[in-house]
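**Student:** Pasting in a structure now, in structure tokens, and then I'll have a few things to ask.
We did not get these values from a lab; they are worked out from the coordinates using the rules stated. Since the structure is predicted, the reported quantities are computational estimates derived from the model, not experimental observations. Here the Cβ positions follow ideal geometry from the backbone for every residue, glycine too, while neighbour counts run over all protein chains shown.
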Amino acid sequence: MLTVSSVGRVFPGGIEALRDTSLRMDETDFIALLGPSGCGKSTLLRLIAGLDQPDSGRLDWDGGPPVPGDIGYVFQDATLLPWATAEDNVFLPLRLRGMARAEAMPRVHAALHRVGLAGFEAARPGALSGGMRMRVSIARALVTRPRLLLMDEPFAALDEFTRHRLQADLLEVWREAGCTVVFVTHSIYEAAFLARRIVLMTPRPGKIEREIRSSLQPAAETRLDPAYAALVAEVSRAMAAALA
Ligand code: ADP
Ligand code: MG
């Protein structure tokens, strides 16, 4: 899908956010970008989204650059319009692309249904829990049927029980939607639970240190699975060594 080759990004003031970063993303990958705060995870995600440009290196898309709607972006804050209903929040990206309401509604409702919010179409963000607001945000990202879903610490502000539910539900959404997910997190547990490919990043300058592949088939019982514990231990050791 996308090849990131030797990308570097230096911000004004001289902060080298990324150095010589290379990563290939394929169709249906689930990649976790894992690392401590400030190691350049969000910077890399913004470069992939085309929200920022690299100072060196290049990004090559198979079959040409993405068109609007090919990329979905989910932030840590749900960033919903507070005065608009869940339905209208999810409709927004289609409205911005000129789609009529009547034409869009089946897709809007399907996206809300997919994230478990059937019946909450008319609710405003203020009436929803943090987890439900994040579900609306994910539905809004899915409604354009993106090929690539970029998620920047989307569950970091949620309580642990809600986070576990959303992680499990995200995996189901990913399997159904058949898109590629790049998921930024600073949680080893989260990366190990979700991702097929765990990409370790280290700071100053931000770079990709190594990648660990997972063969777990995550399900509800996975958190109790010794294979999951072993993967968490492997990633923890690798991260500690990379940061030493
Ligand atoms: P992460 O998401 O891993 O926490 P970021 O990609 O946000 O890290 O930031 C990497 C580094 O670049 C940090 O030192 C951060 O302060 C710096 N940085 C990020 N964005 C900007 C910006 N727009 N201007 C200047 N420095 C920035
Ligand atoms: Mg960040």
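**Student:** Mind listing the long-range amide H neighbours of residue 209? Cut-off is under 5 Å, sequence gap 5 or more, other chains count too, H placed in the peptide plane at 1.01 Å from N.
**Tutor:** 200, 201, 202
**Student:** Also, I was wondering about something else. At what distance in nm do the modelled label points of residue 241 and residue 219 sit from each other, each positioned 7 Å from its Cα along Cα→Cβ?
**Tutor:** Placing both labels 7 Å along Cα→Cβ, they lie 3.2 nm apart.
**Student:** Give me a comma-separated list of calculated 3J(HN,Hα) values for region 62-68, in order, Karplus coefficients 6.51, -1.76, 1.60 applied at θ = phi - 60°, integers in Hz, x for any Gly or Pro.
**Tutor:** 5, x, x, x, x, 9, x
**Student:** Okay, moving on. With springs only between Cα atoms under 10 Å apart, run a GNM on the chain and tell me which of 98, 126, 13 wobbles the most.
**Tutor:** Between 98, 126, 13, it is 13 that shows the largest mean-square fluctuation.
**Student:** How tilted is helix 130-142 with respect to the longest principal axis of the chain? Cα atoms for both, answer in degrees (0 to 90, nearest 10).
**Tutor:** 90 degrees
**Student:** Whose amide H sits under 5 Å from the amide H of residue 73, counting only residues 5 or more places off or on another chain, with H placed in the peptide plane?
**Tutor:** Result for residue 73 returns 150.
**Student:** Here's another thing I want to ask about it. ³J(HN,Hα) across region 106-115 via Karplus (A = 6.51, B = -1.76, C = 1.60, θ = phi - 60°), whole Hz, x for Gly/Pro?
**Tutor:** For region 106-115, the Karplus-derived couplings read x, 6, 4, 5, 5, 5, 5, 4, 4, 9 Hz, x marking Gly and Pro.
**Student:** Counting other beta carbons within 10 Å of each residue's own, what order do 207, 41 fall into, fewest first?
**Tutor:** Details: 207 22, 41 27.
If I rank by nearby Cβ atoms, fewest first, I get 207, 41.
**Student:** Let me ask something additional. Compute the FRET efficiency between residue 81 and residue 113 as 1/(1 + (r/R0)^6), taking r as their Cβ-Cβ distance and R0 = 22 Å, and round to the nearest 0.05. Don't skip to the end; give the middle numbers.
**Tutor:** Numbers: r = 21 Å, r/R0 = 0.94.
After rounding, the FRET efficiency stands at 0.60.
**Student:** Take residue 127 and residue 156, extend 7 Å from each Cα along the Cα→Cβ direction, and tell me the distance between the two endpoints in nm.
**Tutor:** Computed distance between label sites residue 127 and residue 156 equals 3.1 nm.
**Student:** Still on this structure, I have one more. With angles folded into 0 to 90 degrees, how steeply does helix 86-96 sit against the dominant principal axis of the chain? Use alpha carbons for both and round to 10.
**Tutor:** It is inclined by approximately 80 degrees.
**Student:** Per DSSP H run of n ≥ 4, the term is -39500 (n - 2.57); total these for the chain, divide by its residue number, and report the mean residue ellipticity at 222 nm rounded to 500 deg cm²/dmol. Mind showing how you got there, number by number?
**Tutor:** On the way: 7 runs with 90 residues, N = 244.
Rounded to the nearest 500, the figure is -11500 deg cm²/dmol.
**Student:** Still on this structure, please answer the following. Using a 10 Å cut-off around each Cβ, can you sort 59, 170 from fewest to most neighbouring Cβ atoms?
**Tutor:** Starting with the residue having the fewest Cβ neighbours, the order is 59, 170.
**Student:** Would you mind ranking 108, 10, 90 so that the residue whose beta carbon has the fewest other beta carbons within 10 Å leads the list?
**Tutor:** Sorted ascending by nearby Cβ count, the order is 10, 108, 90.
**Student:** Each residue of region 51-59 in order: what ³J(HN,Hα) in whole Hz does its phi give by Karplus 6.51 cos²θ - 1.76 cosθ + 1.60, θ = phi - 60°, with x for Gly and Pro?
**Tutor:** Once rounded to whole Hz, the list reads 7, 8, 10, x, 8, 8, x, 8, 10.
**Student:** Under the 0.36 nm per residue contour assumption, what length would be gained going from the current alpha-carbon distance of residue 233 and residue 165 to full extension?
**Tutor:** Details: separation 68, 0.36 × 68 = 24.48 nm, distance 2.27 nm.
Length gained between residue 233 and residue 165: 22.2 nm.
**Student:** Same structure again: Using a basic spin-label model with each label point 7 Å from the Cα along Cα→Cβ, how many nm lie between residue 102 and residue 53?
**Tutor:** 4.3 nm
**Student:** Follow-up question, since we're still on this one. How much net charge surrounds residue 19 when only other residues with a Cβ under 12 Å from its Cβ are counted (Lys, Arg +1; Asp, Glu -1)?
**Tutor:** Working: positive: 9, 204, 207; negative: 16, 20, 55, 209.
Local net charge: -1.
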